[in-house]
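The values are calculated or read from the model by the stated rules, or taken from the named source; none is laboratory data. Note that the coordinates shown come from a computational prediction; the quantities given were computed from them, not determined experimentally. For neighbour counting, all protein chains shown are included, and Cβ atoms are generated from backbone atoms with ideal geometry for every residue, glycine included.
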Amino acid sequence: MTDPRPFAPSDDDLSQCVRCGLCLEHCPTYVETRLETESPRGRLYLIKAISDGVIEPTPNALDHLDSCLQCRNCEAVCPSGVPYGRIMEQARSDAMESGAAPLSWRLRALFLREVIARPGRLRFFATVLRASERVGLLTLAQRLPLVGTSATLAPRMRGRPFTKTGLVARPEGAERARVAMLSGCIMPLAYGNVHRATVRVLARNGCAVSAPAAQGCCGALHAHNGDLDTARALARRNIDAFLDEAPDAIVVNSAGCAAAMKEYGDLLAGDAEYHDRARQMSALVKDVHEYLVGLSFEAPPRTLDLAVTYQDSCHLAHAQGISDAPRQVLKAIPGLRLVEMENPDRCCGAAGVYSLTQAEMSMRLLDDKMLDVQSTGADVIATANPGCLAQLEAGVRRTGGSAQVRHVIELLDRAYRPASV
Ligand code: SF4
Ligand code: SF4
């Protein structure tokens with residue numbers, strides 16, 4: 001199927017930028033470098049100049065686009081409403097399709113398409129990572145010159161994988177809703193514990209929870225890296241899998257995935273067959289914290305004597321506009337003290353595969369983040385996205401810290417359960 005190109009960085013989108021510069025101090029790469037070419041305004045200028053044929057898409061010019069985290073902080077603060085996220089996705093896609101993209105972009109797209117989007121291969125890859133961790137290979141690799149950074153940043157597999165499908169939990173007490181949960185690609189392998197906690201918390205709040213067997217990767221990483229065809233194919237698969245269940249809501253505990261799924265309507269805007277269903281699906285998607293607050297979730301009984309600092313996941317705070325709901329969840333836990341860091345909504349440098357492809361900038365942002373975290377004296381860093389969990393865990397390893405890194409829902413789940421659990 002040939003996809004239409006509704007996301008082309010059109011003059012309409014690009015011309016919304018009035019070059020006021022209000023976004024600059026909110027851009028992590030600009031704050032680090034003070035370079036205009038590493039700012040949202042500079043990148044928009046570059047994209048416009050390339051699309052107008054004023055400059056060539058040289059490797060140097062494209063590298064300024066590649067160093068963007070797609071954290072969308074600029075979009076959230078832009079007074080002109082510049083749709084930065086979709087402009088950047090289309091610009092990267094155009095670079096890939098025109099043949100201008102360097103080999104590293106193509107290899108990354110190949111990995112995302114042939115491993116991340118394919119559950120069997122991803123499981124194999126995760127098994128290798130898990131085995132490497134178990135026999136100490138990852139720890140050893142952290143000390144090696146060429147692969148040390150990647151080994152530090154590679155996600156650690158926490159707990160057993162989450163493999164359940166179909167009806168995974170009945171509601172405790174009267175049924176209030178029937179929800180379908182995104183299991184996703186990396187999350188069930190690396191953070192099975194977070195999925196199990198999410199299922200328990202939803203059931204505790206009266207939800208029957210299913211995990212449709214035919215679902216898969218949401219396609220966010222593919223869209224961010226300029227492979228819109230694969231992102232659209234994955235979106236179509238999920239639309240069929242989830243809408244067939246006719247749930248009251250589609251609950252997602254990964255900020256990046258929920259943001260992408262809420263935009264399926266835009267992603268498939270030119271698809272005559274799927275556009276209406278994509279919009280229907282997007283309307284059902286809820287971030288798990290947003291959903292629980294909307295349900296007036298049950299106050300947990302157990303006291304957690306913890307100082308917790310919360311790292312806003314970019315795709316929750318900036319792409320979905322949700323920053324209050326996870327804090328409401330944390331504040332509802334008896335004994336828990338929420339200690340805000342100075343810049344909780346500045347990207348930690350995870351940004352999908354960015355920590356592997358732009359390792360130096362990723363590390364600079366992570367080191368800044370860990371200083372900010374340390375100034376709070378928190379026992380726990382809470383966040384809401386698998387990439388952020390992995391990056392912050394790497395930050396704790398890198399700094400020799402002792403803070404735990406947890407998904408917000410893991411803490412709520414702990415506070416629902418007896419002290420012995
Ligand atoms: S992207 Fe928005 S905030 Fe940034 S320079 Fe353009 S108009 Fe101003
Ligand atoms: S998405 Fe983030 S890194 Fe990229 S230009 Fe906007 S603020 Fe900067």
Check: Pick from G377, G395, G387, G401: which is in a loop (DSSP other than H, G, I, E, B) and at negative phi?
Finding: G401
Check: Y84 fails exactly one of the following numbered conditions: (1) exposed (fewer than 14 other Cβ atoms within 10 Å of the Cβ); (2) closer than 30 Å to E273 by Cα; (3) within 14 Å of ligand 1 (Cβ to nearest atom). What is the number of that condition?
Finding: (1)
Note to self: Within the stretch 185-240, take every residue that is part of a loop (DSSP other than H, G, I, E, B) and either of a type in the set (D, E, K, R) or without any contact (Cβ under 8 Å) to a residue 40 or more places away in the chain (or both) and give me the one that is surrounded by the most Cβ atoms within 10 Å (Cβ to Cβ).
What the structure shows: D227
Item checked: Filter result (charged (D, E, K, R) and not in a loop (DSSP other than H, G, I, E, B)) within the stretch 157-184 -> R158, R178
Check: Just wondering, is there one or more residues in the stretch 71-85 that are in contact with a Gly (Cβ under 9 Å, 6 or more places away or on another chain), of a type in the set (G, A, S) and on the phi < 0 side of the Ramachandran plot?
Finding: yes
Next item on the list: Assess whether D312 counts as being modelled with pLDDT of 95 or more, part of a loop (DSSP other than H, G, I, E, B), over 20 Å from the mean Cα position of the chain (by Cα) and not aliphatic (A, V, I, L, M).
Entry: no
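Determine which member of the set A351, A382, A378 is of a type outside the set (F, W, Y), surrounded by 20 or more Cβ atoms within 10 Å (Cβ to Cβ) and modelled with pLDDT under 95. Break it down stepwise before answering.
Details: A382 fails: modelled with pLDDT under 95; A378 fails: modelled with pLDDT under 95.
Residue meeting the stated conditions: A351.
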Next item on the list: Would you be able to say whether some residue in the stretch 135-158 is more than 25 Å from G219 (Cβ to Cβ) and modelled with pLDDT of 75 or more?
Entry: no
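Which residue is farthest from ligand 2 (Cβ to nearest atom), if the candidates are limited to the stretch 52-93 and must be among the hydroxyl-bearing types (S, T, Y) and over 24 Å from S313 (Cα atoms)?
T58
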Next item on the list: Could you pull out the residue among R5, R34, R41 that is more than 15 Å from ligand 1 (Cβ to nearest atom) and at pLDDT 95 or above?
Entry: R34
Note to self: Criterion first (among the polar types (S, T, N, Q) and near ligand 2 (Cβ under 10 Å from one of its atoms)) does Q16 satisfy it?
What the structure shows: no
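Would the stretch 333-354 turn up any residue that is touching a residue at least 24 places away in the same chain (Cβ under 8 Å) and part of a helix (DSSP H, G or I)?
Quick first cut of the stretch 333-354, residues touching a residue at least 24 places away in the same chain (Cβ under 8 Å) only: 333-354.
Among the residues that remain, those that are also part of a helix (DSSP H, G or I) are: 354.
Within the stretch 333-354, one or more residues are touching a residue at least 24 places away in the same chain (Cβ under 8 Å) and part of a helix (DSSP H, G or I).
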Notebook entry, point to check: In the list A95, A101, A49, A61, which residue meets the criterion of being away from ligand 1 (no atom under 16 Å from the Cβ) and farther than 30 Å from M187 by Cα?
Noted result: A61
Checklist line | Failed item in (1) away from ligand 2 (no atom under 15 Å from the Cβ); (2) part of a helix (DSSP H, G or I), with Y45 passing the rest | finding: (1)
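Taking the options K286, K369, name whichever one is part of a helix (DSSP H, G or I) and touching a residue at least 24 places away in the same chain (Cβ under 8 Å).
Only one candidate qualifies: K369.
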Check: Scanning the stretch 8-31 for residues that are away from ligand 1 (no atom under 13 Å from the Cβ) and part of a helix (DSSP H, G or I), which turns out farthest from G226 (Cα to Cα)?
Finding: V31
